[in-house]
Amino acid sequence: MDDEKQILFAGFGGQGVLSMGQFLAYAAMNDGKQVSWVPSYGAEMRGGTANCLVTISSEEIYSPLTEHPLMAVVLNQPSLDKFEALIKPHGWLVINSSMVDRDSERTDLTVLKIPVNELAEEMDNARGANMILLGAYLEKTGVVRAEDAVQHFEAVYKGKKEIIIQKNREAFLAGVEWAKKNW
């Protein structure tokens, strides 16, 4: 039986949306899954809109695109406004409540909210907000086991300075711990 899942990550360019998707795709691939990663961003990278669709399956993926993902992880209000209605019924919606000032209008979704910007500021790692959100998301959904995903930071961030890898790993683990305590 196919267990294909499509996860949409969406936010402003510069929030690390594409990085979240790449990291998830890499972690799932190393977990033996079939994966696809399809990025999309506006003309301006930083500050423009950005989203990516990650498809994960234990079987061959016939199309990397979908109009109705099972899950969406949104980092800002415009992304929630644009993509909320497209999520499959009984899907998941994960919201950065630091940048979204309304609740979901859907009653058929599992909705998880996390104040990632505030958590990142508390860690003195404003750029780590995306990894906090990804860690919390994986801990709660189990799309890829968070314990397995954390093992891949060196490979995903190959060529980056060790301090960048360390800060991203710390942010990811902070998200995992937040999810354990709050969801």
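The values are calculated or read from the model by the stated rules, or taken from the named source; none is laboratory data. Keep in mind the model is a prediction, meaning the values are calculated, not measured. Virtual Cβ from ideal backbone geometry, glycine too; neighbours counted across all protein chains shown.
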- Item | Residues of the range 121-164 satisfying the condition of being in a helix (DSSP H, G or I), more than 19 Å from I7 (Cα to Cα) and among the small types (G, A, S) | A126, G128, A155
- Message: Which count do you get for residues in the range 71-120 that are of a type in the set (D, E) and assigned to a helix (DSSP H, G or I)?
- Response: 3
- Task: Return the residue satisfying two criteria in turn: it lies in the range 91-128 and is surrounded by fewer than 18 Cβ atoms within 10 Å (Cβ to Cβ) and either in contact with a Ser or Thr (Cβ under 8 Å, 6 or more places away or on another chain) or under 18 Å from G48 (Cα atoms) (or both), and of such residues it is modelled with the lowest pLDDT.
- Result: R127
- Output for the range 42-60, where each listed residue is of a type outside the set (S, T, N, Q), buried (at least 16 other Cβ atoms within 10 Å of the Cβ) and either over 23 Å from E84 (Cβ atoms) or at pLDDT below 95 (or both): A50
